[in-house]
Amino acid sequence: QVQLVESGGGLVQPGGSLTVSCAASGRTFSNYVMGWFRQVPGKEREFVAAINWSGGSTSYADSVKGRFTISRDNAKNTVYLQMNSLKPEDTAVYSCAASKGFWPPQLREFSYWGQGTQVTVSS
């Protein structure tokens, strides 16, 4: 089992940047595909980005491609989501998740989830 704790959320102006982090503890972090998801109240959870075990492969939702970058540091057991050119529609609770499945990941394979961190984009 792996425990995930997100941090780094906050309020940012449109066009600004923010990086959220997810620290993992428990099982060997490098054995997991990691993903970021976001959710707005009343809406379904939305896939944002994913990264494979080594960090050599990434996947992004079309809505964030070119603006967001997912990365990981296996030595620090941490995955990051750097968000640039933020828009009000990026406002959501951002959660990280871990999968022991294959690449590319399927949503149902993400077994472990963090509590999430709020990101608000507003002037």
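So for the stretch 21-105, taking the charge dipole from beta-carbon charges (+1 Lys/Arg, -1 Asp/Glu), which of N74, L86, C22 sits furthest toward the positive end?
N74
Calculate the dipole size of the stretch 44-123 relative to its Cα centre from +1 charges on Lys and Arg beta carbons and -1 charges on Asp and Glu beta carbons; express the result in debye to the nearest 20.
Approximately 200 debye in magnitude.
Can you give the Kirkwood hydrodynamic radius for the chain, in Å, rounded to one decimal and based on Cα pairs?
14.2 Å
Using modelled amide H (1.01 Å from N, peptide plane; none on Pro or chain starts), what sits under 5 Å from the amide H of V2, excluding residues fewer than 5 places away?
R27
Enumerate the amide H contacts of R72 below 5 Å, restricted to partners 5 or more residues apart or on another chain; note that Pro and chain-start residues carry no placed amide H.
Counting only residues 5 or more places away or on other chains, the set is Y80.
What percent does the relative contact order of the stretch 53-96 come to when contacts are Cα pairs within less than 8 Å and at least six residues apart?
29 percent
Relative to 2.2 N^0.38 Å, what does the C-alpha radius of gyration of the stretch 1-72 come to as a ratio? Two decimals please.
1.19
Between N84 and S7, what length in nm is gained on full extension when 0.36 nm per residue of separation is reduced by their alpha carbon distance?
Roughly 26.0 nm would be gained on extension.
Could I have the simple spin-label model distance between S25 and V40, label points 7 Å from Cα toward Cβ, reported in nm to one decimal?
Roughly 3.4 nm, to one decimal.
Throughout, read-outs are computed from the coordinates displayed, never taken from laboratory work. All figures in this text were calculated on a predicted structure; none of them were measured in a lab. Note: ideal-geometry Cβ built from the backbone for every residue, glycine included; neighbour counts use all protein chains shown.
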